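Data block below; observations after.
Read the figures in this text as sums done on the coordinates, not as results from a lab. All values derive from a computational prediction rather than experimental measurement. A quick note on method: Cβ atoms are made from the backbone with ideal geometry, for glycine too, and the neighbour counts reach across all protein chains shown.
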Amino acid sequence: MQMSIVVLVISILLFFVLFFGIGFILNMLLRMSWIMAFIYPIIAILIVDKVRFIQYFTNSKYAFGQLGHRISSLAIADILILLSGLAGAITAGIVIKLLRKNGYQMF
């Protein structure tokens with residue numbers, strides 16, 4: 001299915017802002033600057049894969065095989081959208097570190 005440029009740009013922006021916001025809030029509450037950057041790959045796997053999460057522990061060979069197949073079949077637009085979410089999570093960590101360095105204390 002073709003995705004228009006407008007939809008792609010809006011999706012990239014939404015994923016960036018969404019994961020920046022979630023990461024910023026988690027970093028403020030948990031006081032761990034990079035928590036969302038570590039959690040994001042798990043979220044991305046859950047978005048991409050259609051296998052139940054428990055199957056990664058019970059039937060690992062099948063689950064990781066399916067994950068590899070699904071990741072290799074992603075379109076460039078999907079990869080860009082997922083990478084923008086990762087960029088938002090990393091940016092949230094950088095912003096929190098800069099704010100704490102400049103004297104702002106979050107909670």
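At-a-glance table
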{"read-out": "The chain shape via C-alpha gyration tensor axes, a/c threshold 1.5", "value": "oblate"}
{"read-out": "Rounded to the nearest 20 debye, dipole of the chain from Cβ charges on Lys, Arg, Asp, Glu", "value": "300 debye"}
{"read-out": "Förster radius 30 Å - calculated FRET efficiency between Tyr104 and Leu18 (Cβ-Cβ, nearest 0.05)", "value": "0.85"}
{"read-out": "Distance between the stretch 76-103 and the stretch 52-66 - C-alpha centres, whole angstrom", "value": "29 Å"}
{"read-out": "Signed unit charges on C-beta, dipole axis of the chain, positive-most listed residue Gly103, Gly93, Gln2", "value": "Gly103"}
{"read-out": "Efficiency of FRET between Val7 and Arg70 - r from beta-carbon atoms, R0 25 angstrom, step 0.05", "value": "0.75"}
